[in-house]
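Have a look at the structure below before the remarks.
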Amino acid sequence: MSPPGPDERLLLDSLSTGDVAPEPAAVPSAPPLPPPPPPPAGPAYEVRPRARPLLPGEPDEWLEVSVGPHHPSTHGVFRMDVVLEGERVRRLKPVFGYLHRNHEKLGEQTSYLGSIPYTDRLDYFCSLTNNWAYVQTVEKLAGITVPERAEYIRILAAELTRILNHLCLIGFLTHDMGTMGTPLMYAFREREKVLDLFEALTGARMMCNYFRFGGCRCDLPPGWLDGVRRFVDELPRFLDEFEALLSTNEILLARTVGIGVLPPDLAINAGVTGPMLRASGVNYDVRKVDRYGLYDRFRFRVPLGEHGDTYDRYMVRLLEIRESREILLQVLRDLPGGPVLNPQVKQRGLRPKPGEAYARIEAPKGELGFYLISDGGPQPYRYRVRPPSFVNLTILEDLCLGHTLADAVVILGSVDIVMGEVDR
Amino acid sequence: MESLESICDRLRAALPGVDVQIVPNPAIPAQPSLVVARDQALAVARWLRDDPALRLDYCANVTGVDWPETVFQEKVRVRRVVDGTEREVEETVEHRRPGHLEAVYHLYSMRLGHGPLILRQRTGNRAEDARVTSLTPVWRSAEFQEREAYDLFGIVFTGHPDLRRILMWDEFQDFPMRKDYVEPDDYEYEPTPHDEVLTKARRHYPTGGTSA
């Protein structure tokens, strides 16, 4: 809105007409022109009244924009109701539920075994860790033990999944910054190798449906470990190249350093988990805290950030890929023989004793927990998923306030959400 | 982490008159939980978060559980005088558990690395008294999860800063995760003029007519 300028008619009057000869004298009887009306006090255009009342402290020029649900930067069907002052975000409300299919109700209507394929669809990038979280809860509820070889295979699968997820996330994050897909395609090239391994192992590339109560569905196919070894050996070369391309890139630094800072106290209080929490400098990794599976046998470090900004969230994920590779090397070295499935476990028609259990794992996106209540029947009485990306969205508004809308897109990309899990 | 009994004792000493009970868990992991009266939940939650030995600063999971009214029968042996002689007779006794909804919180400590402590609040009944205290002022992570419990179970969290539906759409009426929820035949049903014509036609031809 520009300040009201001088009246145009006054300007025109003062201009020369360009005529050489003086104009003939006007008819004397003509009355003098009335004085021009005073300039309007308010803005020159009409401000459209808002549908909703103004929030306290909200000036009149703030603009409400709905970003999504079909916007490429929102990673699925997700909407942000943003209130903007110029280019700055002043309010932000995440709106979701477009992919809601009441996964929990489905879980209460099928048998314990029948829910495993459904868990694949929660976070469809990381179906194997979803399987693991669910299977682990049922094992805890029913007191099932897992053979050693199966535990190793689970760690193998989970760490491959973590590499895959973090690579894709970094690819999508740079895509959000406008790299137009080049790093994303590099990341997808590596992802393709992992997906080929998954296909050879489980028969499916994304919806793996591989873990069973008390172990895994089948043993490793012949030659599969060689494929993993090849992938693990080639990974550092790719990572070095990827980092050389991105980590010191001027544009990436400009878009991420100091953007969306998450202080550690808020991160803990808001229940943020996973790489996002550790980027804020909180040392909390469920693999280290709960020592589920056989994670206490492996040596790996937990990368921590210092500032909690978007760059730290990016960097923590890159470092976690390298630590996952360390775990993979140790698994490949130590993998024992033996059965992969506890033969005493009844897979079909499992009826755990009445009671409840909550178990959690460190999924690539954060703490993935399942909460099951059994009433002794063949279906769980209550089946609850604690999705990491759903809870991590709680502080999206706090991260974005004061930043530009373009930065909000990058911050959302660094939160790492998958709508299949948020909406369930 | 210290035992739930000693937490209860310290809680009663710290907050006199507080109503907490331990619910045993018969399952194999044996995670017992703490039931707290809903109007005292906020004080108890603050104490659990700030107590130096517990420091439960991280609320991992918030969810609802629906317990409709159930009547279950139990067989008991009692001594009765039957036909002049005292004998042991088997009798069936009916127990009634009133219906209620539950909000369950799983608490961990990130600083001290222990947990979980399971906290429960219970509503009065399932219809007009489905109300518990929101713990979002204590743990921000409960904000969306309590909204979800409200959306799917109809538990009203008093004191929640922004209690709206979160997964279902705003116009939706029922609470789908309740055990007695009945799905509508058509989620996208909207009355059309055709329906009015149809009811009018039915009024004219009560026995069916040609169109039937």
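Please treat every number below as a calculation from the coordinates, not as lab data. What you are looking at is a predicted structure, and each value in this text was computed from that prediction instead of being measured. As a convention, Cβ positions derive from the backbone with ideal geometry for all residues, glycine included, and neighbour counts pool all protein chains shown.
At a 10 Å Cβ-Cβ cut-off, how would you order A:H175, B:H106, fewest neighbours first?
Lowest to highest Cβ neighbour count: A:H175, B:H106.
Using alpha-carbon pairs under 8 Å, 6+ residues apart, how would you state the relative contact order of the stretch A:231-317 in percent?
Averaging sequence separation for qualifying contacts and normalising by length gives 35 percent for the stretch A:231-317.
Note down, for the stretch A:85-232, the three equivalent ellipsoid semi-axes (square root of 5 times each alpha carbon gyration tensor eigenvalue), biggest first, whole angstrom.
Those come to 31, 24, 12 Å.
Consider just the alpha-carbon atoms of the stretch A:252-308 and return their Rg together with their Dmax, both in angstrom.
13.3, 41
What is the distance, in nm, between label points placed 7 Å from the Cα along the Cα-to-Cβ direction at A:R88 and at A:D334?
5.3 nm
Could you estimate the translational diffusion coefficient of chain B from the Stokes-Einstein equation, with Rh from the Kirkwood formula over C-alpha pairs, at 10 °C and 1.306 mPa s, in whole µm²/s?
Value of D from the Cα-based Kirkwood radius: 75 µm²/s.
Using only the Cα atoms of the protein assembly as shown, construct the convex hull and provide its projected area averaged over every direction, in square nanometres to one decimal.
For the Cα atoms of the protein assembly as shown, the hull's average projected area reads 53.3 nm².
What average count of beta carbons from other chains do you get within 10 Å of the Cβ of residues in A:387-395?
Partner Cβ neighbours, averaged per residue: 4.
Could you compute how fast the stretch A:215-332 diffuses translationally, taking Rh as the Kirkwood radius over C-alpha pairs and applying Stokes-Einstein at 25 °C with viscosity 0.890 mPa s? Give it in µm² per second.
152 µm²/s
What percent do you get for the relative contact order of chain A when only Cα pairs under 8 Å and 6+ apart count?
24 percent
If you take the alpha carbon radius of gyration of the stretch A:322-424 and divide it by 2.2 N^0.38 Å, what ratio comes out, to two decimals?
That works out to 1.55 for the stretch A:322-424.
Let me spell out the model: positive unit charges on the Cβ of Lys and Arg, negative unit charges on the Cβ of Asp and Glu, origin at the Cα centre of the stretch A:139-296. What dipole size does that give, in debye rounded to 20?
360 debye
List the DSSP H helices in chain A whose Cα atoms stretch 20 Å or more along the helix axis and whose mean Kyte-Doolittle hydropathy is at least -0.5.
Result, helices passing both filters: A:127-142, A:148-176, A:182-202, A:224-246, A:310-334.
Can you sort A:L372, A:L195 by how many other beta carbons sit within 10 Å, fewest first?
With the sparsest Cβ surroundings first, the list reads A:L195, A:L372.
Of the cross-linked pairs A:K93/A:K288; A:K353/B:K75; A:K105/A:K193; A:K346/B:K179; A:K105/B:K200, which ones have a Cα-Cα span greater than 32 Å in the structure shown?
A:K93/A:K288; A:K105/A:K193; A:K105/B:K200
What list of whole percents do you get for P(r) of the stretch A:114-162, with Cα-Cα distances grouped in 10 Å bins up to the one holding the largest distance?
Percent of Cα pairs in each bin: 27, 53, 20.
Taking 2.2 N^0.38 Å as the expected size of a compact globular protein, what ratio does the Cα radius of gyration of the stretch A:62-159 give against it, to two decimals?
Rg over 2.2 N^0.38 Å, computed on Cα atoms: 1.56.
Could you tell me the ratio Rg/Rh of the stretch B:99-201? Both radii from Cα atoms, Rh via Kirkwood.
Answer for the stretch B:99-201: 1.16.
What is the fewest-to-most order of A:R205, A:R386, A:R90 by other Cβ atoms lying within 10 Å of their Cβ?
A:R205, A:R90, A:R386
Counting only other chains, what is the mean number of Cβ atoms within 10 angstrom of the Cβ of each residue in peptide A:270-277?
Mean shielding count: 4.
Take every Cα pair under 8 Å in the stretch A:78-216 that's 6+ residues apart, average their separations, divide by the length, and report that relative contact order as a whole percent.
Taking the mean separation of contacting Cα pairs over the length of the stretch A:78-216, I get 25 percent.
If one computes the Cα centroid of the stretch B:71-117 and of the stretch A:265-281, what distance in Å separates the two points?
What the calculation gives is 41 Å, centre to centre.
Which three extents, in angstrom, do the Cα atoms of the stretch A:152-225 have along their principal axes, listed largest first?
Sorted largest first, the three principal extents are 45, 23, 18 Å.
So what are the radius of gyration and Dmax for the Cα set of the stretch A:183-222, in Å?
12.3, 39
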